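The values are calculated or read from the model by the stated rules, or taken from the named source; none is laboratory data. Note that the coordinates shown come from a computational prediction; the quantities given were computed from them, not determined experimentally. Neighbour counts run over all protein chains shown; Cβ positions are idealised from the backbone, glycine included.
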Amino acid sequence: MSDSGSPRGPNAGPVLIKFCGLTTSEDARQAAALGAGYAGVILTQSPRKVDIQEAQAIFAAAGPDVAHVAVFGEQSPDKIATMANILVPDVIQLHGSSSPTDIDDIRRWFAGRIWAVIGLGPGASTLPPGAEELARAADGVLLDSRVDGRTGGTGVRLGWERLGAAVTVLREITSVILAGGLDAGNVGEAVRALGPDVVDVSSGVERSPGKKDHGRMQAFAEAARSASIKRGRAASSSSLETE
């Protein structure tokens, strides 16, 4: 089930930022300096994959004020359990073809939050079958672009303007994390269109796969926060007008 503190309905609060695919302690420290809510490492097949020791160093560099996210793929529950028991992340992100049953199984040995990924085609306007059930089992759902059978790390943006109704449905159930081709130039549009709880960026702030550009990280954080503030003001004005 979702955290009892998870927001419901349209999000007028500040959007949180997740820098994912971190591969160095230097980049993790930059994420923390920029006030990131989440720092993510990838422990499954990816150009940004790190091992347990590297992940530990990255989490240590990010510090305790940033939530630590461990991203897994198609690993077995036993493998995920072994790695998570060493890392003790705040959040496990399941990037494989997870089901509500998988999430329930993982909760038997993991006390933190679990995010499930929903892959969508760039032109999608509706949720795939089973998405609502997955949202009810998880503590958050991450919407990412699915291209050529691959979800995550594609650098392809979603059609935010078409996903408003779908995101509204999900936000009545759990928190929404938005990924998929985000960068400093478009994150504002995405925040204004959908009002996610978290925006998740990896390739959009890189010089090359796994190598973050600190200037791009800063520009992304500034753009996301600016759009979040403006969206919050607009929501407040709309609320006053209807009173």
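Among the helices (runs of 4 or more DSSP H) contained in the stretch 88-194, which hold 1 or more residues that are surrounded by fewer than 23 Cβ atoms within 10 Å (Cβ to Cβ), touching a residue at least 12 places away in the same chain (Cβ under 8 Å) and among the acidic types (D, E)?
On the way: elements: 100-107, 131-137, 164-171, 187-194.
The helices (runs of 4 or more DSSP H) meeting that bar are 100-107, 131-137, 187-194.
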May I ask you to say which residue of S4, S25 is surrounded by fewer than 20 Cβ atoms within 10 Å (Cβ to Cβ) and at pLDDT 95 or above?
-> S25
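Quickly run through the stretch 100-112 and pick out the residues that are under 28 Å from R162 (Cβ atoms) and either small (G, A, S) or in contact with a strand residue (DSSP E or B) (Cβ under 6 Å, 6 or more places away or on another chain) (or both). I'd like the intermediate steps shown before the answer.
Let us first name the residues in the stretch 100-112 that are under 28 Å from R162 (Cβ atoms), namely 100, 103.
Correct list: I103 only.
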Run down A81, A61 and say which single residue is assigned to a helix (DSSP H, G or I), touching a residue at least 12 places away in the same chain (Cβ under 8 Å), touching a Phe, Trp or Tyr at 6+ places or on another chain (Cβ under 9 Å) and not polar (S, T, N, Q).
-> A81
Just give me the residues in the stretch 30-47 being modelled with pLDDT of 95 or more, within 28 Å of E222 (Cβ to Cβ) and either surrounded by fewer than 23 Cβ atoms within 10 Å (Cβ to Cβ) or of a type outside the set (G, A, S) (or both), in sequence order.
-> Q30, A32, A33, L34, G35, G37, Y38, V41, I42
